[in-house]
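The values are calculated or read from the model by the stated rules, or taken from the named source; none is laboratory data. Given the structure is predicted, the values throughout are model-derived calculations rather than measurements. We place every Cβ from the backbone using ideal geometry, glycine too, and count neighbours over all the protein chains shown. Ligands, DNA and RNA are stripped out before the accessible areas are found, and what is left, the full protein with its side chains, is counted by its heavy atoms. Shrake-Rupley method; radii C 1.70, N 1.55, O 1.52, S 1.80 Å.
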Amino acid sequence: MPGTMEEKMAPLVGPVHDNLLVMTKSAGASKYLLEKKVVDPLMLEDVRGRSFNECLIIFDEAQNALPDNIKTVISRVGENSKVIITGDTKQIDLEVFKSDNGLLDSYYRLANIDSVGRVKFDRSDIVRNGVIAHILEAYE
């Protein structure tokens, strides 16, 4: 992608910033967390070869990831770290991911590993806005 790293990261940082604002209720706190790299959004390409120690890694929107993408992220986990992989399999929007889906692959492949937990949400777990459950129902 052309441009500076900041320009390349802008589409990724937008959703992170939105959610930081909700959680911290402060634009200043959100900006501080990003500037000090307490929260550090990375592109998948920038994860290879790294080890993440003493941190929480969130792989968000993983419904459009290949199995190797998931493996790349979860194999970076270092000491005292955890990985959270999130995604909505009903929002897989590229054909390649419908047949070779990393989120689904990891969900089933890692099911019998004791230190791996899995959570599956349904419509009753929607907290963004109550009307969304009804909208999703209309689309199904």
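Just a few scattered comments:
- Failed criterion for PHE52 (all others in (1) within 23 Å of ILE74 (Cα to Cα); (2) open to solvent by 40 Å² or more (accessible area, probe 1.4 Å); (3) of a type in the set (Phe, Trp, Tyr) hold): (2)
- Residue list for region 50-70, filter: within 25 Å of ASN101 (Cβ to Cβ) and part of a loop (DSSP other than H, G, I, E, B): ARG50, ASP60, GLU61, ALA65, LEU66
- Given (1) within 14 Å of the chain's Cα centre (by Cα); (2) at pLDDT 90 or above; (3) part of a helix (DSSP H, G or I), number of the condition ILE84 does not satisfy: (3)
- Extreme residue, nearest to ALA65 (Cα to Cα), among residues of region 99-130 that are modelled with pLDDT under 90 and outside any loop (DSSP other than H, G, I, E, B): SER99
- Options LEU56, LEU21, LEU94: the member that is without any contact (Cβ under 8 Å) to a residue 40 or more places away in the chain and touching a strand residue (DSSP E or B) at 6+ places or on another chain (Cβ under 9 Å): LEU56
- Taken together, the criteria exclude ILE85 from residues that are out of contact with any Leu (no Cβ under 7 Å at 6 or more places or on another chain), surrounded by 16 or more Cβ atoms within 10 Å (Cβ to Cβ) and either in contact (Cβ under 8 Å) with a residue 12 or more places away in the chain or hydrophobic (A, V, I, L, M, F, W, C) (or both).
- Against the test of being in a helix (DSSP H, G or I), of a type outside the set (S, T, N, Q) and either at pLDDT below 85 or more than 14 Å from the chain's Cα centre (by Cα) (or both), the options VAL38, VAL73, VAL96 yield a single qualifying residue, VAL96.
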